[in-house]
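Since every read-out is calculated from the coordinates, none of them should be taken as a lab result. Everything quoted here is computed from the prediction, not taken from an experiment. Cβ sites come from the backbone with ideal geometry, for glycine too, and all protein chains shown count toward neighbours.
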Amino acid sequence: MRVNVTVNGSEETVDDVWEGESLLYMLRERMGLPGSKNACEQGECGSCTVYLDGVTACACLVAAGQAEGREVRTVEGLAEGQPGDERLDPVQQAFVEAGAVQCGFCTPGLVVQAHDLIERTPEPSDAEIREALAGNLCRCTGYEKILDAVRLAARRKAAPK
Ligand code: FES
Ligand code: FES
């Protein structure tokens with residue numbers, strides 16, 4: 001099967017996709033985008049979170065064929081600037097600075113989910129942060145540093161430039 005999909009702003013054609021293949025597999029194994037992680041493959045952990053037509057989704061639960069004609073944005077597509085001169089998105093930068101990354105397996109999904117939260121709710125309360133990230137599981141950090149990172153990113157994005 002052939003799938004035509006826009007990924008991180010670039011129109012792509014992917015051939016030889018199997019009908020049962022997930023969007024996550026297609027991104028990672030056929031398109032060279034390993035940022036989205038495969039931790040459970042059952043929609044339980046959120047480590048594979050991507051934007052699909054602007055709405056966050058678990059890429060492991062989306063069939064690759066369902067992405068036909070649609071727009072996908074992965075964690076690789078959050079960085080700002082041109083190739084060779086990219087800057088981390090403020091959410092990515094905040095995760096680094098707050099020490100919110102240990103093994104890093106959950107991090108791409110958390111970053112995409114937190115990015116979406118701050119786009120929709122520029123000054124989220126702690127309760128809103130916890131609710132937004134409830135579907136993203138982390139085995140390592142105890143979540144406090146992750147909350148710190150999201151608060152930091154939201155403050156920076158809200159600050160006048
Ligand atoms: S790998 Fe998709 S939700 Fe866990
Ligand atoms: S940093 Fe290891 S699972 Fe979150």
Q: Using only alpha carbon pairs under 8 Å that are at least six residues apart, calculate the relative contact order of the stretch 49-119 and give it in whole percent.
A: 34
Q | Gyration tensor (alpha-carbon) shape descriptor, the stretch 73-161, a/c threshold 1.5 | A | oblate
**Q.** Helix-derived mean residue ellipticity, 222 nm - over the chain, DSSP H n ≥ 4, -39500 (n - 2.57), to 500
**A.** -8500 deg cm²/dmol
**Q.** Point-to-point label distance, residue 123-residue 2, nm (Cα→Cβ direction, 7 Å offset)
**A.** 5.1
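Kirkwood hydrodynamic radius (Cα pairs, Å) of the chain?
For the chain, inverting the mean 1/r across all distinct Cα pairs yields 16.0 Å.
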Q. With the dipole of the stretch 87-140 worked out from charges on the C-beta (+1 for Lys and Arg, -1 for Asp and Glu) around the Cα centre, which of 101, 122, 132 lies farthest toward the positive end?
A. 101
Q: Positive end of the charge dipole of the stretch 2-134 (Lys, Arg +1 and Asp, Glu -1 on Cβ, about the Cα centre): tell me which of 40, 8, 54 has its Cα farthest that way.
A: 40
Q: In whole Å, largest first, what are the principal axis extents of the Cα atoms in the stretch 13-54?
A: 28, 21, 18
Q | Test item: Cα-centred dipole of the stretch 5-161, Lys/Arg +1 and Asp/Glu -1 on Cβ, debye | A | 700
